[in-house]
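The next block holds one structure in the form of structure tokens; read it before the comments.
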Amino acid sequence: RDAFGNTDTDFTGNVTVDLTVGTGTPGANLRGTRTVAAVAGVATFPTINVNRSGTGYTLFAGASGLSGVTSQPFDVAPSAVTQLVFTAQPVTTPAGVSLPPVQVAARDSLGNTVSNFTGAVTLTIGVNPGGGTLSGTTTATAVAGVATFSTLSIDKSGTGYRLLATAGSLTRTSGAFSITPGAATQLSFTVQPGTTTTGVVITPAVRVAAQDNFGNTVTSFTGPVTVAIGTNPAGGTLSGTTAVAAVSGVAVFSTLSINNAGNAYTLAATSTGLTGTTSAAFDIVSTPTPATMLPNN
């Protein structure tokens, strides 16, 4: 325009528009054809768009030899929801302990959170290396486009868990995380004693694990574990090394034997500070007597 505000219909120069620095959402870009030749003094920009939602944007227009101008402020709203995104990922946490709050956002194709989305988002275990169960509130209604889950926990330890978020037909898998064992509270026979001959070493070797409340072996436990005869139907004596230090949470008893034959023996395992446990019942059978004479024909 001229100094009096009249459109100069003879002007055919190039006009360039861009976002005014410092307005709208940081990191936003103006896309499309931003430089256009004027026709009858007017430059039209039919393809420009902004890739980030936000408020208070302005455009600046400039042309060689002319004073530039800034537009009135305008807002950019998100498009329709096309994807789910974990904005707060699950992280490594002990078994049975609530994960730090996990958040899932409903976003448009350009990554803008759709703030008017108030649908339900559901979380399940997508990858389950430990065979765990997801507890807590697993379905949450989005607030301003974001669903927050603050009471989730998994009971079994494992490396490489992933959560799966679902809202209608949309799904998204979280990053990988681990569930670690909790504190050791109890003992458990992970390899039970089996039927064995009198005086012969029980095989396979008996194994006793230090576990947390959810049955996860606590690999950091290195304390001593002791075994003794629990149920003794034949007055037998347990021989071999009966007190063993755990390695990676497991005590291995590879030299145990019992001298008297009997049915339904059990072993009892104990360790200071932990709840003890009793094995399954097993039998000790007599040693066969070798033949000393051949029968007469």
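The values are calculated or read from the model by the stated rules, or taken from the named source; none is laboratory data. Quantities reported herein were computed from a predicted structural model and do not represent experimental measurements. Here Cβ is always computed from backbone atoms with ideal geometry, including for glycine, and neighbour counts include all displayed protein chains. These accessible areas exclude ligands, DNA and RNA; they are computed on the full protein's heavy atoms, side chains included. Shrake-Rupley method; radii C 1.70, N 1.55, O 1.52, S 1.80 Å.
In the chain, a dipole from Cβ-located charges (positive for Lys and Arg, negative for Asp and Glu) runs towards its positive end, and of Thr197, Pro181, Phe117 it is Thr197 whose Cα lies farthest in that direction.
Computed over protein heavy atoms with a 1.4 Å probe, the accessible surface of the chain works out to 52 Å² per residue. With a 1.4 Å probe and every protein chain kept in, tell me what percent of the accessible surface of the chain is carbon plus sulfur. So the carbon and sulfur contribution to the accessible surface is 53 percent.
Near Pro129, once Lys and Arg are set to +1 and Asp and Glu to -1 for all other residues with Cβ below 12 Å from its Cβ, the sum equals +2. Taking a sphere under 12 Å around the Cβ of Ala77 and counting the other residues whose Cβ falls inside, with K and R at +1 and D and E at -1, yields a net charge of -1. Near Pro90: Cβ cut-off under 14 Å, other residues only, Lys/Arg at +1 and Asp/Glu at -1. The net charge is +2. Name the residue from Thr222, Val97, Thr171 whose Cα lies farthest towards the positive end of the charge dipole of the chain, charges +1 on Cβ of Lys and Arg and -1 on Cβ of Asp and Glu. Looking along the dipole axis, the top candidate is Thr222. Between Thr171, Thr278, Thr23, the GNM of the chain built on Cα springs shorter than 10 angstrom shows Thr23 fluctuating the most.
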